[in-house]
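Working notes, beginning with the structure itself.
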Amino acid sequence: MKSSFTIPIAIIAGGLIVAGAVYVSSYRSKVTGGNPALVRPVSASDHIFGNPAARVMIVEYSDFDCIPCKEFEVILRQVVASEAASGSVALVFRHFPLTELHPNALALAKAAECAGEAGGNEAFWRFADALFANQPVSPSGLGALAMQARIPGSGADTDGNTFATCYASESASKPLVERIMRDRQNALDMGAQGAPYTVILRSGMAPIVMNGAYSYYAVKELVNRALGK
């Protein structure tokens, strides 16, 4: 198992490549390293956009401070929407904060988890949308952003200060940070060297890896392959 403390150079190098958007126009369906079979199975505890019982799950490992991640998120949502009628494809968000490149990435991921704690899955996705839309976000602006995203307990309603308490309290947020770091470690164990890193899953098929941000048509082709089209 790779440790998150043993490959900072690889992460930095991968992040710099992604930051330069070298991957955006690439299209590689073969694994270039690592072992994607180590991907953690999707469960009810995951943040799922779309049908939780979908045949195909697109599992993305992403960083809220990463520009290509923001652009790729839009594409992945479009792919899920294209299969909305059948409900055959869903998106799973997992954290891959590249803290070596983005010092605020872990704080933003923690805030997203606190939004989910305060308002459930829909609140998590609303806050994720707000983080990407307002990129880059300073930790000092998270409270205002939570209000903008209508997160319960952010001051925009009468639900107390659930969001603020979660974010400010070390004891309250510790399990959430541990979850974030488990996501990150899972990506590293599979061989991810930058974000976004995405795995397409379908029962009975080998995982399909997308290293970096792909075009809509490239993603759609890989998803169609997973669907057997």
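The values are calculated or read from the model by the stated rules, or taken from the named source; none is laboratory data. If you're wondering where the values come from, they're calculated on a predicted model, not measured in any experiment. Every residue, glycine among them, receives a Cβ derived from its backbone with ideal geometry; neighbour counts consider all protein chains shown.
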Flag if Tyr214 is surrounded by 15 or more Cβ atoms within 10 Å (Cβ to Cβ), within 30 Å of Ser86 (Cα to Cα) and either in contact with a His (Cβ under 6 Å, 6 or more places away or on another chain) or of a type in the set (Ser, Thr, Tyr) (or both):
yes
Look through the stretch 82-107, keep the residues that are out of contact with any Ser or Thr (no Cβ under 7 Å at 6 or more places or on another chain) and part of a helix (DSSP H, G or I), and return whichever of them is surrounded by the most Cβ atoms within 10 Å (Cβ to Cβ).
Ala107
Within the bounds of the stretch 126-137, is there any residue that is in contact with a Cys (Cβ under 7 Å, 6 or more places away or on another chain) and either among the aliphatic types (A, V, I, L, M) or part of a helix (DSSP H, G or I) (or both)?
no
Considering residues of the stretch 191-200 that are of a type in the set (A, V, I, L, M, F, W, C) and under 18 Å from Glu100 (Cβ atoms) only, the residue surrounded by the fewest Cβ atoms within 10 Å (Cβ to Cβ):
Ala192
Examine the stretch 184-203 for a residue that is assigned to a helix (DSSP H, G or I), among the aromatic types (Phe, Trp, Tyr) and in contact (Cβ under 8 Å) with a residue 40 or more places away in the chain, and state whether such a residue exists.
no
So if I check each of Glu221, Glu170, which one is in contact with a Ser or Thr (Cβ under 9 Å, 6 or more places away or on another chain) and free of Cβ contacts under 8 Å to residues at least 24 places away in the same chain?
Glu221
Determine whether Ala187 is in contact with a Pro (Cβ under 6 Å, 6 or more places away or on another chain) and under 30 Å from Gln78 (Cβ atoms).
no
Would you confirm whether any residue within the stretch 81-92 is among the charged types (D, E, K, R) and either touching an Asp or Glu at 6+ places or on another chain (Cβ under 7 Å) or within 13 Å of Arg184 (Cβ to Cβ) (or both)?
no
Quick test for you: out of Glu73, Glu100, Glu117, pick the one residue that is at pLDDT below 95 and within 24 Å of Asn51 (Cβ to Cβ).
Glu117
Residue that is nearest to Pro36 (Cα to Cα) [pool: residues in the stretch 161-182 that are buried (at least 19 other Cβ atoms within 10 Å of the Cβ) and at pLDDT 95 or above]:
Ile180
Quick check on this structure: which one of Gly143, Gly119 is over 14 Å from the mean Cα position of the chain (by Cα) and buried (at least 22 other Cβ atoms within 10 Å of the Cβ)?
Gly119
Condition check: outside any loop (DSSP other than H, G, I, E, B) and at pLDDT below 95. Does Gly143 satisfy that?
yes
Could you list, in sequence order, all residues of the stretch 51-69 that are within 15 Å of Trp125 (Cβ to Cβ) and surrounded by fewer than 21 Cβ atoms within 10 Å (Cβ to Cβ)?
Asn51, Pro52
